[in-house]
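J.: Structure below; questions to follow.
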Amino acid sequence: MEKISPLRASLKAFEQFKAQRIQKRQENPNTNATNPFGLTFKGVTLTADVFTPETPKENPATTNKFNEAFQKAGKLASSAWVSTLNRIGSIKQSMISFGNRMKENAINTWDKLNKTEISFTGLFKDSVSNLQKRPVNELEEMFKDELATV
């Protein structure tokens, strides 16, 4: 039987992982082609067509490279803004749910504390030092009373 070193085992696991990733990429090559950020806005996946104008360009020869770059930057900024709004919404929802859980836990704890009754009466009444100070007749009576309750 062949001994397998930890380095060889981890290298083998990495090779298997790498092969699986390559296979997944070959099966689905354009997973983020239309949605490069992988974000959604109100449950709808954003595509690259969202920010393209409805009217086609009139003449590609008259367009300016600076104008095209500015439009691309505007589309990128719009996409980033939508993703920011989406993230803010999800953070807001998680904060609301966290706050509601904290409120419920605080209410439950308060109710339990209100129902709990703690009493210290009689806790230190019959300590050894107090019993040593009492007369024997009194101790005998206490002993008979306790035996009667048993």
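J.: Within the stretch 59-86, take every residue that is among the basic types (K, R) and surrounded by 11 or more Cβ atoms within 10 Å (Cβ to Cβ) and give me the one that is modelled with the highest pLDDT.
T.: Taking the stretch 59-86 first, the residues among the basic types (K, R) are 65, 72, 75.
Next, only the ones that are surrounded by 11 or more Cβ atoms within 10 Å (Cβ to Cβ) stay: 72, 75.
Details: K72: 84, K75: 87.
Per the criteria, the residue is K75.
J.: Go through the stretch 98-138 and report how many residues are surrounded by 10 or more Cβ atoms within 10 Å (Cβ to Cβ), polar (S, T, N, Q) and at pLDDT 85 or above.
T.: Residues meeting the conditions: 4.
The values are calculated or read from the model by the stated rules, or taken from the named source; none is laboratory data. It should be emphasised that the depicted structure is a prediction, and the values quoted were computed from it without experimental measurement. No Cβ is skipped: glycine too gets one built from the backbone with ideal geometry, and neighbour counts run over all protein chains shown.
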